[in-house]
1. Could you please report the charge total around A:TRP81, scoring K, R as +1 and D, E as -1 over all other residues with beta-carbon less than 9 angstrom from its beta-carbon?
2. Principal axis lengths of the stretch A:104-165 from Cα atoms, whole Å, largest first?
3. Within a Cβ distance under 13 Å of B:GLU69, other residues only, what is the Lys/Arg minus Asp/Glu net charge?
4. So how do A:89-97, A:133-141 stack up, highest first, on mean other-Cβ count within 10 Å?
Amino acid sequence: MIAVRGGRRRPGRWIVAGLGVVVLTIVLGTGLGGGDESASTTVSTVREMDEPAPALRGRTLDGGSFDLSELRGTVVVVNVWASWCSPCRQELPVLASAAREWAGKVRFVGLAVRDDEDDARALLREVGATAVTTVPDPDGTLAVDWGVRGVPETFVLDRSGRIRFHVVGVVSGEWLEQNALRLAAGP
Amino acid sequence: MSIRRHLAWLAMVVLAAVAGVGVWQSVASSSPPDVAAVGADLRCPACNGETVADSGSPVAASMRASIAEQLAQGRSEAQIRQWFVDRYGPEVLTDPAGREARLLLWLLPAAGFSVVVLLAVRTARRRTSPMSRSDTGRPASRWLWDVVALGLVVMVGAVAVVGLRMKNESEASTAAPVVDVQAARAMEEAGDYPGAVEIYRRVLAGNPDPDTRLRLAYALLRTNRPAEAEDAARTVLTRHPRKAEALLVLGLAERAQGSAGATATLRRFLQLAPGHPAAAEIRRLVG
């Protein structure tokens, strides 16, 4: 009798369990297989953020040494560029001009990625950007540590060393004035 | 035991062995990680459909250098993957679901299969027991077997379809030609516009991105193919009618073909983007 009662209950239980496994498998499989659309490439996008900046230290193109952590208390613009990048060549004079004009308020730092150092120095001289402290990054690993995807890219850091803006693409003088300079003028 | 039952048991043992090998292959790491192995798990963030291991773009080369640096420091493959996710987001992974989820994809059917084996064993025992012999031939029991068998078939089918999709995606990413927008831009800078056109066309075949189509239109213009440039610019404008660069290339393409509408198109560009770097030159052109 007990065996018979067990046999009567069993079909329902197994059906539910079997269907459960099937549904779970399909849901799991669909979740794993889909939803992985790659984002299309965008240019000149600005991302507002509030994250600590990675370390940035090393020798500079003019033979000195640089450590970003020593600039706490100052708004810093870190521009990632290369002399082989046409948009960077158009953008550098804007940065050079802002660096001269806002000296003491905003500090401009360059990261020359995978660049020939002589070419990079020549470009800085050509556009009058010698006031922009530039750290060479011959293998690009410093840029990767900053999550850089290409050149040019610009990061604006607040006084506490946190990244507040990340710009992918070229920045304009107007944008820098509205964001970096305003950040320096703030409390 | 009859031959039929022997064969059934043999089939079950073979299936269990195949499932075991599958689980082992999906989990086991065949060799210690190297730069290419880690790079194959990462997408090049500046490319279309290429991994860090395959891409010739500067950022992929930098990422490979970073992987080599971290491997030399003794970091594990999982730590390095996480390091890149922290900087580039989860989309940097070619397989964001990860090995753990893939293992689940194997284990779940294996668990379902085990349930069926258990059922089979129970039924086989009852068949040999005289007390329950009368139960085994009941329609309800047969119906139960049909449902379980159907469930198993559906489950295996679902896993097979998902597995095939995952395999196709990974094959597509590794077998993709050199479709690198940055490489094409470097070719443009070097004056090789026909080469850039070819690359942009291949990129667009896999990813109809409007910015890439505009680059193609511009490169076509530089290779004296204004009619094709006009087509490409118009394609962009159908989806993005206010895209100033598309109007610029369209206007220049129309102008190169002597079209009467060129001036109006370029004026519209100036209205939309008066501060564009090309605006001064275009003002001079349209007078």
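1. Residues close to A:TRP81 contribute a combined charge of -2.
2. That gives 33, 28, 14 Å along the principal axes, largest extent first.
3. -1
4. Put in order of decreasing packing, that is A:133-141, A:89-97.
None of the figures in this text is laboratory data; all of them are computed from the coordinates on show. Note that the structure is predicted; figures quoted are calculated from it, not measured. Positions of Cβ are generated from backbone atoms using ideal geometry, with glycine treated the same way; all protein chains shown enter the neighbour counts.
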